[in-house]
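Undergrad: This is the structure, below, for whatever I ask next.
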Amino acid sequence: MSAYLTETHKIVCGSPIATTNGGITGAYVSLKNVHRVTIIANLLQAAAHATALGINEATSVAGGGAQAVTAHLPVFKNADVSAGDALVRGTDAASIAATAAIANQILVAVFDPSKLSAGFDCIAATLDDSSEATNFASITYILETRYPQATPPSALVD
């Protein structure tokens, strides 16, 4: 019998739906018990803007010592979800930008905790300030846990 996704992966809301006017910094999650995390940003672009998804690292889930991750990561994009479900892999980069278009889009970054700087064990996704009150986004983290179990430990505590 195979395990359920929720037994092998911890699914965490990084940010509920919010305007990107002013930018978004998602919740910081601990990667202490994580092999890999997939960060998914769903964007509703009512006004064209190349909103970028990036990642900050920190020493705690409170965001202590936060700084931008500069390591290059696998990144993917669907520039118009109404046109299909294909995620197109981009060139590995520290961030990925939405297409500057009026469309619902998905941005994905895959992060390996080995890319964290020494002394850092938490990350948060960031979305650029679109300066557009009508643009909205949400962030979801899918953490591949080291020790699969029915109820994985919280990623929101140190």
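The values are calculated or read from the model by the stated rules, or taken from the named source; none is laboratory data. Small disclaimer: the values here were computed from a predicted structure and weren't measured. Glycine gets a Cβ as well: all are built from the backbone with ideal geometry, and neighbour counts include every protein chain shown.
Undergrad: Under 8 Å between Cβ atoms, which residue pairs at least 6 apart in sequence (or on different chains) link something in segment 17-37 that is aromatic (Phe, Trp, Tyr) with a partner that is in a strand (DSSP E or B)?
TA: Between residues of segment 17-37 that are aromatic (Phe, Trp, Tyr) and residues that are in a strand (DSSP E or B), the close pairs are 28/56; 28/58; 28/122; 28/123; 28/124.
Undergrad: Go over the candidates 69, 61, 34 one by one and state the one that is in contact with a Lys or Arg (Cβ under 9 Å, 6 or more places away or on another chain), surrounded by 14 or more Cβ atoms within 10 Å (Cβ to Cβ) and over 30 Å from residue 102 (Cα atoms). Explain how you work it out, then say what you get.
TA: On the way: 69 fails: over 30 Å from residue 102 (Cα atoms); 61 fails: in contact with a Lys or Arg (Cβ under 9 Å, 6 or more places away or on another chain).
Residue meeting the stated conditions: 34.
Undergrad: On to the next question. Out of curiosity, is residue 74 farther than 24 Å from residue 114 by Cβ, surrounded by fewer than 19 Cβ atoms within 10 Å (Cβ to Cβ) and at pLDDT 95 or above? Explain how you work it out, then say what you get.
TA: Values: farther than 24 Å from residue 114 by Cβ: no; surrounded by fewer than 19 Cβ atoms within 10 Å (Cβ to Cβ): yes; at pLDDT 95 or above: yes.
No; evaluated as a whole, the condition is false for this residue.
Undergrad: Related question: Hey, any hits in segment 37-57 for a residue that's in contact with a Pro (Cβ under 8 Å, 6 or more places away or on another chain) and within 25 Å of residue 9 (Cβ to Cβ)?
TA: Pass one, segment 37-57, residues in contact with a Pro (Cβ under 8 Å, 6 or more places away or on another chain): 37.
Going one step further and asking which of them are within 25 Å of residue 9 (Cβ to Cβ), we end up with 37.
There is at least one residue in segment 37-57 that is in contact with a Pro (Cβ under 8 Å, 6 or more places away or on another chain) and within 25 Å of residue 9 (Cβ to Cβ).
Undergrad: Name the pairs: first residue in segment 142-158 and under 11 Å from residue 12 (Cα atoms), second residue in a loop (DSSP other than H, G, I, E, B), Cβ to Cβ under 7 Å, at least 6 apart or on different chains?
TA: Here the result reads 143/155; 156/27; 156/61, each pair linking segment 142-158 to a residue that is in a loop (DSSP other than H, G, I, E, B).
Undergrad: Same structure again: So in segment 1-15, with the set limited to residues that are small (Gly, Ala, Ser) and surrounded by fewer than 16 Cβ atoms within 10 Å (Cβ to Cβ), which one is farthest from residue 158 (Cα to Cα)? Step through it out loud before you land on a result.
TA: Our first condition is that a residue be small (Gly, Ala, Ser); within segment 1-15, this holds for 2-3, 14-15.
Checking the rest, the ones that are also surrounded by fewer than 16 Cβ atoms within 10 Å (Cβ to Cβ) come to 2-3.
On the way: 2: 30, 3: 26 Å.
Taking the candidates together, the pick is 2.
Undergrad: All but one of (1) within 19 Å of residue 136 (Cβ to Cβ); (2) in contact with a helix residue (DSSP H, G or I) (Cβ under 7 Å, 6 or more places away or on another chain) hold for residue 51, so report the exception by its number.
TA: Only one criterion is unmet by residue 51, namely (2).
Undergrad: Same structure again: In this structure, is residue 18 over 15 Å from residue 115 (Cβ atoms), surrounded by fewer than 18 Cβ atoms within 10 Å (Cβ to Cβ) and of a type outside the set (Ser, Thr, Tyr)? Full working, then the answer.
TA: Numbers: over 15 Å from residue 115 (Cβ atoms): yes; surrounded by fewer than 18 Cβ atoms within 10 Å (Cβ to Cβ): yes; of a type outside the set (Ser, Thr, Tyr): yes.
Yes.
Undergrad: Within 19 Å of residue 144 (Cα to Cα) and touching a residue at least 60 places away in the same chain (Cβ under 8 Å), is that true of residue 75? Steps first, answer last, please.
TA: Numbers: within 19 Å of residue 144 (Cα to Cα): yes; touching a residue at least 60 places away in the same chain (Cβ under 8 Å): no.
For residue 75, the condition - within 19 Å of residue 144 (Cα to Cα) and touching a residue at least 60 places away in the same chain (Cβ under 8 Å) - is not met.
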